[in-house]
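Down below is the structure, laid out as structure tokens.
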Amino acid sequence: MMSLRALAALCATLAAAGCTNTTERSSRDALPGDLVLSNVSVLLPLPSLDEARVMLGVDSAGAHGPLLPHAVFDALLPLSPAVQSEAELERVRVVAARLDPCAPSLTLGPSADCRHELRLVMQPLIEAGEHVRAEDAAIHAVYALPASALLSLLLRWRDAAGDTALPDAPLGPHPLAVAEGAAGPFALAVGSAILEHAGAARLARVTFMRHTSPASWTFGGVELHAGALTPLTIPTTGATEQRLTRAPGADPLALDATIEPALPPAGDNVALVLDSQAATALSPGESWLAYERLLRIENPDAHSPMSVDCASCHAAPQARRWLESRFPFATAPSASRFASSFDLATLDAPFSLRAFGWHDTSPVVSARTANDSAAVAAYLNGLGRR
């Protein structure tokens, strides 16, 4: 957990910070204490063609510069990024946003180094009649914020939503944005708040996932330090790029895949269930071991994004569902399973490596995203009730 000194500093900063709008808030009201999942993680609906034109894109800019400078995109090009040309970059839109008051982990990090982050999910959108569909690719832009900026975003998103987010509602496309549209008042308020606090000057990390062939996905990214870009080393691999490739005619429920570079057989990853034929030969005990590894990957109390390789993190839901189709594991008690008072229901698409966003025209919310959002909301609610 956070050190007492770091917790006291965060509490004091959040309590003293006010919104940047004209409404002043007392320290008692700074953190309301009744946040729900859609207050800390916002998934916008797929837009119409007209709505897509006014959604935030990589060139959208506010007080801190454009959301994704072209220099950063150019540095990503050799790494097979989510988009591979300037023309494709123009189709990228912000489809989701998340807040994190203590990255890399609420429970694991050296908390004196806690970083307040805004994470934007950007996907290329493709015309599909009068509407659009999302390409199987994403750019994940992470911005390091002062605590006052994180609080301002949180409160403005919450105020814009009003009472539309029900406490027992699982995470999904935001209900008010669905009702009003991707360019309605709520979505515009979310975008306005983002531009006020995010931009090139606060960009800390950019990662990507790209469907690079009919059956292959590539992962990678860069970190930014004082304007310098460094390829991101993928946790546990020592590599700066990772590729997952499925076998021809793969079982729709299984991974049936290879990952390069190869994963170690031990540790919390998907190595034991990559090959469904080999995994079928596992004993029930070995299958349970593999299952608990997947639960830990999805558990923010066990792992942060900096302790699991990209492919395992994105493939864990598919691997877990395959094991649950073979064994009664879904209802089996396990200390590795994340628990919360929030509704942790997920939205899954047929074989998708997406974590939060859109797979073609289907919304996707992975277990890791739902669990992270629940942990963040519970953590902030705890601060607000002090």
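Can you find even one residue in segment 171-194 that is closer than 17 Å to L99 by Cα and touching a Ser or Thr at 6+ places or on another chain (Cβ under 6 Å)? The answer is yes, given that some residue of segment 171-194 is closer than 17 Å to L99 by Cα and touching a Ser or Thr at 6+ places or on another chain (Cβ under 6 Å).
Of all the criteria given as (1) in a helix (DSSP H, G or I); (2) more than 30 Å from L31 (Cα to Cα); (3) of a type in the set (S, T, N, Q), the one not satisfied by S334 is (1). Scanning segment 212-223 for residues that are more than 23 Å from Y143 (Cα to Cα) and in a strand (DSSP E or B) yields T212, S213, S216, W217.
To keep it simple, each residue is scored yes or no on (1) at pLDDT 95 or above; (2) in contact with a helix residue (DSSP H, G or I) (Cβ under 6 Å, 6 or more places away or on another chain); (3) over 20 Å from P350 (Cα atoms); (4) not aliphatic (A, V, I, L, M).
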residue: R210; (1), (2), (3), (4): no, no, no, yes
residue: A215; (1), (2), (3), (4): no, no, no, no
residue: G220; (1), (2), (3), (4): no, yes, yes, yes
residue: L232; (1), (2), (3), (4): no, no, yes, no
residue: T236; (1), (2), (3), (4): no, no, yes, yes
residue: Q242; (1), (2), (3), (4): yes, yes, yes, yes
residue: D251; (1), (2), (3), (4): no, yes, no, yes
residue: P264; (1), (2), (3), (4): no, no, yes, yes
residue: D268; (1), (2), (3), (4): yes, yes, yes, yes
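With respect to the conditions (1) in contact with a helix residue (DSSP H, G or I) (Cβ under 8 Å, 6 or more places away or on another chain); (2) surrounded by fewer than 24 Cβ atoms within 10 Å (Cβ to Cβ); (3) part of a helix (DSSP H, G or I), A375 lacks only one, and its number is (1).
Restricting segment 53-79 to residues that are of a type outside the set (V, I, T), surrounded by 17 or more Cβ atoms within 10 Å (Cβ to Cβ) and under 20 Å from H211 (Cβ atoms) leaves a set whose member that is modelled with the lowest pLDDT is L79. Does L99 fit the bill of being within 18 Å of F186 (Cα to Cα) and modelled with pLDDT of 95 or more? Criteria met by L99. Given the structure, is A204 surrounded by fewer than 16 Cβ atoms within 10 Å (Cβ to Cβ) and not β-branched (V, I, T)? Taking the combined requirement at face value, the residue does not satisfy it. Screening segment 224-264 for strands (runs of 3 or more DSSP E) wholly inside it with 2 or more residues that are exposed (fewer than 15 other Cβ atoms within 10 Å of the Cβ) returns the ranges 228-231. Within the option set R368, R321, being crowded, with 20+ Cβ neighbours inside 10 Å and either free of Cβ contacts under 8 Å to residues at least 24 places away in the same chain or within 25 Å of L46 (Cβ to Cβ) (or both) holds for one residue only, R368. Kindly establish whether P363 is in a strand (DSSP E or B) and modelled with pLDDT of 95 or more. For P363, the condition - in a strand (DSSP E or B) and modelled with pLDDT of 95 or more - is met.
The values are calculated or read from the model by the stated rules, or taken from the named source; none is laboratory data. Keep in mind that what you see is a predicted model, and the values were worked out from it rather than measured. Cβ sites come from the backbone with ideal geometry, for glycine too, and all protein chains shown count toward neighbours.
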